[in-house]
Amino acid sequence: MNLEKVVFAFFIVLSLTLNFGFFIGDLDDPNHHNVYELYAALVVSLIATIMKFGDRAHIGAVLLATSLVADLQLIGAVIVWTISEHGTGTGLTPMVMSSIVSLSGGALLANVTSVIILVTETVMFRR
Amino acid sequence: MQNLVYLMLRRMRLPLIAIILVYAISILGLVLIPGVDDQGNTWHMSLFHAFYFVSFMGSTIGFGEIPYPFTDPQRLWTNVAMYLTVISWLYAIGSLFAMLQDPAVRRALAFTTFTRSVRRIHEPFYLVCGLGDAGYLITRELAEDNIRSVVIDRNEHRVQTLQLENFQVHVPALCADVTDSSALYVAGLKKPHCAGVIAMTGIDHVNLTIAISSKLLAPELPVICRAETHDSQANMASFGTDYIINPFDTFASRFAMMFQSPSMYLVYEWMTSIHEAPLSEFVAPPRGTWVLCGYGRFGKAVQRSLSFKGIQTVIIEYDIESTSAPENTVAGRGTEAITLHEAGIEQAVGIIAGTDDDANNLSIIMTALDMNENLFTVARQNQRSNDAIFNAADIDLVMQSGKIIGQRVIDLLTNPLLSDFLRLARLQNESWANILVSRVVGILTDAPPETWTLNISREQTPALLEAFGKGMAVTVKDLTTDPHETSQMLPCVPLYIKHQNNDELLLPEDDTPLQAGDQLLFCGQRHAESHMHWAAHNFNALNFICTGYDRPSGTVWRLLSQGRHS
């Protein structure tokens with residue numbers, strides 16, 4: 001058993017589940033989307049990215065790319081949230097909320113890709 | 001470069017994860033712990049404010065408790081978070097610096113810098129393997145002549161010493177195993193600008209490996225090799241190594257030349273001396289019986305040359321068996337008075353200390369001089385670092401492998417015409433050499449002469465070609481006239497001309513006419529070369545030398561003066 005792979009799998013799957021939890025619900029209803037869940041998803045996703053730093057294998061590099069995409073999407077969502085709350089003061093209008101959630105939806109897709117690659121790798125290389 | 005980035009990222013994983021975790025926990029704590037706003041209501045910090053607060057707290061900037069003063073539970077948590085964040089930052093920055101100090105990273109960094117500087121060379125360069133005395137000398141002399149070189153050596157200390165040198169051109173140096181062909185690749189063996197490979201390590205087998213690798217990987221490149229045994233010489237020659245230099249044989253034949261023709265020896269010494277070397281003086285070794293200490297590779301070569309010139313030698317050798325010394329050899333080191341006495345030092349005319357130990361060689365010379373102060377002394381110096389003591393010992397002739405090889409290689413690379421000249425000069429007699437020596441002495445100050453080549457071509461002498469085009473005849477004398485003061489000659493001697501049809505002429509007369517395609521070899525003071533180039537490039541200067549008429553350089557003035565003359 002390779003501990004590094006297990007820990008990475010833990011973080012990447014956790015990132016997916018947290019993101020999924022945030023994403024699910026009505027697109028424009030702030031009550032369905034918890035800010036802490038988004039926060040946790042971003043932190044976990046960042047950790048997953050760093051765990052792939054310096055991985056020279058091809059699959060490792062692809063995983064680094066997909067998790068970087070997820071990070072970018074989530075950071076985008078966080079920035080939109082912050083600006084609407086603290087910057088412009090518009091608050092969580094349905095339009096703002098839907099753009100936040102759709103950004104996290106993009107991140108969700110990247111997370112799913114990561115997990116698919118991870119599963120493929122695990123199935124292909126039995127060690 | 002890629003290597004280095006990967007290495008750095010891999011090493012920074014844990015510190016970065018630590019920072020993110022600490023930030024996440026600190027922010028979360030601040031968000032969850034309730035505070036009180038200015039109206040006394042319970043208030044929760046938003047994620048945005050918490051991130052802001054932790055960011056300036058963690059980096060020890062500290063703007064204070066905003067937006068409202070903290071409650072005690074908040075302060076308690078801030079205490080915890082403060083220490084956590086500062087420690088995590090210290091940890092990350094510490095790891096970053098530790099990583100830069102790490103030998104693996106430093107090696108990767110040096111490798112990256114080396115490959116980058118090799119890639120940036122866009123002019124011909126030589127690949128020098130081995131940075132011993134010879135390799136160092138070659139690199140330095142090439143740099144003096146503004147010729148690029150790339151150096152590989154296994155010894156890190158030597159590479160670092162080279163990097164501290166202040167050469168005119170940058171010499172990239174890599175610490176790597178020279179027998180590894182990938183090191184040769186990295187050093188630019190396959191690059192189109194690579195002009196040749198110079199294998200100068202102290203071990204014959206390593207030189208052999210370098211020679212064969214480069215002959216296989218880049219067959220068209222010339223290879224110059226150092227070899228100390230005849231065995232490896234034959235081996236290197238078998239696969240087409242272009243030049244093989246044996247320091248012992250080279251020295252032995254020069255030494256023998258001293259007996260036959262001291263002036264010719266002087267010509268050789270002067271023409272092949274390195275930059276800023278002291279001017280060697282006229283010495284004539286006495287004929288008679290010589291004592292030779294040490295019958296190794298050096299001793300054998302010297303003995304063979306001396307007996308060829310009919311000079312008797314008595315050999316002193318410690319290990320008679322394994323060196324297969326001749327029968328009448330005296331057993332011993334030669335450092336003791338008793339063995340020297342046994343070899344008949346009192347009746348001998350000269351002593352050659354040729355062991356591979358510098359201290360022993362000096363001891364031999366000193367002991368022998370004690371017993372017979374009229375001896376002509378010859379010593380072999382193995383380490384360049386012993387220069388000072390060998391100078392202090394006031395020895396008549398010092399043989400230094402590195403210097404001999406270095407000089408030969410430099411001449412081969414920078415002045416191919418010189419080998420032709422020396423080959424022809426060798427066939428001349430002593431009186432010819434005497435005349436040449438006196439001519440050269442006439443133009444010298446206290447430094448040995450520089451030698452340089454001038455090709456009569458469009459690139460090197462555009463003015464001469466223009467003159468030929470106008471039907472003017474230019475002679476050797478015109479080139480050696482000082483263009484700034486035409487009544488005076490430049491301090492230089494024309495040594496040799498090679499015509500385009502390979503006709504050769506030694507010591508051309510002043511009235512020898514020049515043609516396009518001629519190659520000329522000169523020797524003289526250093527500044528004479530640049531003055532000569534002035535006339536070779538500037539048609540007006542050349543014209544004035546040839547005709548004594550200062551031609552106007554502007555078209556208008558030229559037309560005016562034409563009108564006046566006609």
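For this structure, a couple of remarks:
- P(r), alpha carbons of the range B:280-402 - 5 Å bins starting at zero, rounded %: 2, 12, 24, 26, 22, 11, 3, 0
- Extension gain, residue B:100 back to residue B:327 (0.36 nm per residue minus Cα-Cα distance, nm): 75.4 nm
- When the helices of chain B are scored as -39500 (n - 2.57) per DSSP H run of n ≥ 4 and the total is divided over every residue, the value at 222 nm lands at -16000 deg cm²/dmol.
- Projected over every direction and averaged, the convex hull enclosing the alpha-carbon atoms of the range B:2-100 yields 6.7 nm².
- Cut-off 15 Å (backbone N to label point 7 Å along Cα→Cβ of residue B:107), residues of the range B:145-162: B:153-157
- Peptide A:49-55 is shielded by partner chain Cβ atoms: per residue, an average of 6 of them sit within 10 Å of its Cβ.
- As an equivalent ellipsoid, the range B:442-547 spans semi-axes of 20, 17, 12 angstrom, where each value is the square root of five times an eigenvalue of the C-alpha gyration tensor, largest first.
- Amide H to amide H distances under 5 Å link residue B:400 with B:381, where only residues 5 or more positions off or on other chains count and H is placed in the peptide plane.
- Relative to the globular-protein estimate of 2.2 N^0.38 Å, the Cα radius of gyration of chain B stands at 1.44.
- Under 27 Å from the Cα of residue B:190 - lysines, other chains or at least 8 residues apart: B:215
- A straight Cα-to-Cα reach below 16 Å connects residue B:477 with the aspartates and glutamates B:485, B:509, B:510, B:511, B:518, B:529, residues fewer than 8 places away in its own chain not being considered.
- Normalised contact order of chain B, rounded percent, pairs of Cα under 8 Å and 6 or more residues apart: 9 percent
- Eligible lysines near residue B:309 by straight Cα distance, threshold 20 Å, same-chain separation 8 or greater: B:300
- Inter-centroid distance (Cα atoms) of the range B:410-471 relative to the range B:280-351, Å: 38 Å
- Per residue, the accessible area of the protein assembly as shown comes to 49 Å² when a 1.4 Å probe rolls over the protein heavy atoms.
- Helix B:247-260 and the longest principal axis of the C-alpha atoms of chain B enclose an angle of approximately 30°.
- The range B:202-267: equivalent-ellipsoid semi-axes (sqrt of 5 x gyration tensor eigenvalues, Cα, Å): 29, 12, 8
- Amide hydrogen neighbours beyond the local backbone of residue B:36, cut-off 5 Å, H modeled: B:43, B:71
- Computed over protein heavy atoms with a 1.4 angstrom probe, the accessible surface ordering of B:77, B:534, A:81, largest first, is B:534, B:77, A:81.
- The protein assembly as shown shape via C-alpha gyration tensor axes, a/c threshold 1.5: prolate
- A simple rule links phi to the HN-Hα coupling: the Karplus curve 6.51 cos²θ - 1.76 cosθ + 1.60 with θ = phi - 60°, which for the range B:498-506 gives 10, 7, 5, 8, 6, 5, 10, 9, 8 Hz, with x for Gly and Pro.
- Shielding by partners for peptide B:210-218, expressed as the average number of C-beta atoms from other protein chains within 10 Å of each residue's C-beta, is 0.
- Equivalent ellipsoid semi-axes, the range B:236-315, via Cα gyration tensor eigenvalues times 5, rooted, Å: 22, 21, 11
- Taking all pairs of distinct alpha-carbon atoms in chain A, Kirkwood radius in angstrom: 15.0 Å
- In this structure, residue B:561 and residue B:540 have a Cβ-Cβ separation that, at R0 = 22 Å, corresponds to a calculated FRET efficiency of about 0.95.
- In sequence order, calculated HN-Hα J values of the range B:172-187 (Karplus, 6.51, -1.76, 1.60; Hz; x Gly/Pro): x, 10, 10, 8, 7, 6, 6, 7, 7, 5, 5, 5, 5, 4, 4, 7
- Whole-Hz ³J(HN,Hα) from phi, Karplus 6.51 cos²θ - 1.76 cosθ + 1.60, for the range B:389-401, glycine and proline x: 6, 5, 5, 5, 6, 6, 8, 5, 9, 10, 9, 10, 3
- All C-alpha pair distances within the range B:120-245, sorted into 10 Å bins from zero, spread as 14, 49, 32, 5 percent across the bins.
- Residue B:313 long-range amide H proximity, modeled H, under 5 Å: B:290
- Pairwise centroid distance, computed over Cα atoms, of the range B:369-401 with the range B:180-216, Å: 34 Å
- Calculated P(r) tail over 21 Å for the range B:146-220, as whole % of Cα pairs: 25 percent
- Burial ranking of peptide ranges B:6-12, B:171-177 (average Cβ count within 10 Å, highest at the top): B:171-177, B:6-12
- Carbon plus sulfur fraction of accessible area for the range B:428-473, probe 1.4 Å, in percent: 51 percent
- The calculated FRET efficiency for the pair residue B:260 and residue B:459, based on their C-beta separation and a Förster distance of 35 Å, comes to about 0.30.
- Relative contact order computed over the range B:302-433 (Cα-Cα under 8 Å; 6+ residues apart), in percent: 14 percent
The values are calculated or read from the model by the stated rules, or taken from the named source; none is laboratory data. Owing to the predicted nature of the structure, the values given are computational and were not obtained by experimental measurement. Cβ atoms come from the backbone with ideal geometry, glycine included; neighbour counts cover every protein chain shown. These accessible areas exclude ligands, DNA and RNA; they are computed on the full protein's heavy atoms, side chains included. Shrake-Rupley method; radii C 1.70, N 1.55, O 1.52, S 1.80 Å.
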